[in-house]
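Quick notes on the structure that follows.
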């Protein structure tokens with residue numbers, strides 16, 4: 001991932017014998033720049049691409065990530081060894097299938113980096129009124145160029161992206177905070193409950209209350225839901 005995207009995920013298969021292990025590694029842009037300066041065999045930059053991409057993991061990268069996770073069992077070694085392993089992880093990504101994407105997102109002033117800055121602003125201010133022209137100026141891009149690059153990276157227009165953020169946060173507030181639909185809608189910036197309900201249904205396939213009830217029932221263990 002080169003930018004924050006409003007996505008959700010679910011583990012569909014895991015057992016106590018074979019649990020699901022999820023690892024998130026945030027790459028340091030300064031380290032990426034250092035490696036770019038030292039290596040002449042990295043892939044060339046690519047045209048602006050989506051902010052989320054999936055590719056098969058290469059054995060060398062998997063090995064490095066495995067050693068990073070294994071350090072959790074050796075706390076005394078973390079401070080000394082984790083920077084070395086993180087450097088290797090960054091190098092493996094940079095020279096692998098995602099190298100061009102990483103180089104593009106790390107390049108100072110590149111469109112992908114400017115869009116990432118705009119995305120961060122939207123995540124921090126999604127409940128506020130939005131003028132796309134002001135956001136384009138913040139990214140130091142023309143309005144037409146900003147629209148083009150934003151959609152190329154996120155797959156959405158700026159207004160659609162903000163809508164995703166609002167609806168995802170509203171769903172989280174109803175599921176985890178116990179808020180009703182009207183209060184959640186107000187919290188995330190909606191002034192019209194009916195508009196919130198329409199957009200929520202288009203995104204999640206059901207009105208807010210029905211979706212939340214179904215989600216909670218689906219999350220219950222089979223034995224509990226059968227009682």
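The values are calculated or read from the model by the stated rules, or taken from the named source; none is laboratory data. What you see is a predicted model, and the numbers here were worked out from it, not measured in a lab. Because the Cβ atoms are built from the backbone with ideal geometry, glycine has one as well, and the counts that use them run over all protein chains shown.
So, residue 155, is that one surrounded by fewer than 19 Cβ atoms within 10 Å (Cβ to Cβ) and at positive phi or not? Before the answer, list the steps.
Values: surrounded by fewer than 19 Cβ atoms within 10 Å (Cβ to Cβ): yes; at positive phi: yes.
In short, yes.
For the range 137-227, give me every one of the helices (runs of 4 or more DSSP H) that falls completely inside it and has 1 or more residues that are under 27 Å from residue 14 (Cα atoms) and in contact (Cβ under 8 Å) with a residue 24 or more places away in the chain.
On the way: elements: 143-154, 158-177, 181-187, 193-204, 208-219, 222-226.
Output list reads 158-177, 193-204, 208-219.
Which residues, counting only those in the range 131-146, are surrounded by 13 or more Cβ atoms within 10 Å (Cβ to Cβ), closer than 25 Å to residue 191 by Cβ and at pLDDT 90 or above?
Listed by number, the residues that qualify are 132, 135, 136.
Can you tell me which residues in the range 59-95 are without any contact (Cβ under 8 Å) to a residue 40 or more places away in the chain and touching a helix residue (DSSP H, G or I) at 6+ places or on another chain (Cβ under 7 Å)? Let's see the steps before the verdict.
Start the filter on the range 59-95 by keeping residues that are without any contact (Cβ under 8 Å) to a residue 40 or more places away in the chain, which leaves 59-64, 66-67, 70-85, 88, 92.
Correct list: 60, 61, 64, 67, 71, 77, 78, 81, 82, 85, 88, 92.
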